[in-house]
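To start, the structure itself, in structure tokens.
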């Protein structure tokens with residue numbers, strides 16, 4: 001999987017948004033749009049902290065492994 005960060009768009013971003021919601025980090029309807037904005041970054045950071053990962057708001061290899 002590729003690294004995903006704020007400003008990215010597309011199917012993989014939408015996948016991240018849906019997985020975060022399914023794993024207890026719900027999103028507003030307007031956020032589930034495939035655009036990695038500030039709300040998604042905050043949710044990624046909360047997920048990373050919860051899982052003991054490096055908290056950087058970027059979906060890299062370690063974060064992907066925890067999401068899937």
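Rounded if a/c is under 1.5, else prolate if a/b beats b/c, else oblate: with a ≥ b ≥ c from the C-alpha gyration tensor eigenvalues square-rooted, which is the stretch 11-67?
Values: a/c = 1.63, a/b = 1.54, b/c = 1.06.
Cα axes put the stretch 11-67 in the prolate bin.
When the helices in the chain are scored as -39500 (n - 2.57) per DSSP H run of 4 or longer and the sum is shared across all residues, what 222 nm value do you end up with, to the nearest 500 deg cm²/dmol?
Working: 3 runs with 32 residues, N = 68.
One gets -14000 deg cm²/dmol as the mean residue ellipticity at 222 nm.
When only Cα pairs under 8 Å and 6 or more residues apart are kept, what is the percent relative contact order across the chain? Working shown, then result.
Numbers: 87 pairs, mean separation 27.5, N = 68.
Once divided by the residue count of the chain, the mean separation gives 40 percent.
Just so you know, all these numbers are worked out from the coordinates, no wet-lab data involved. These numbers come from a predicted model, not from an experiment.
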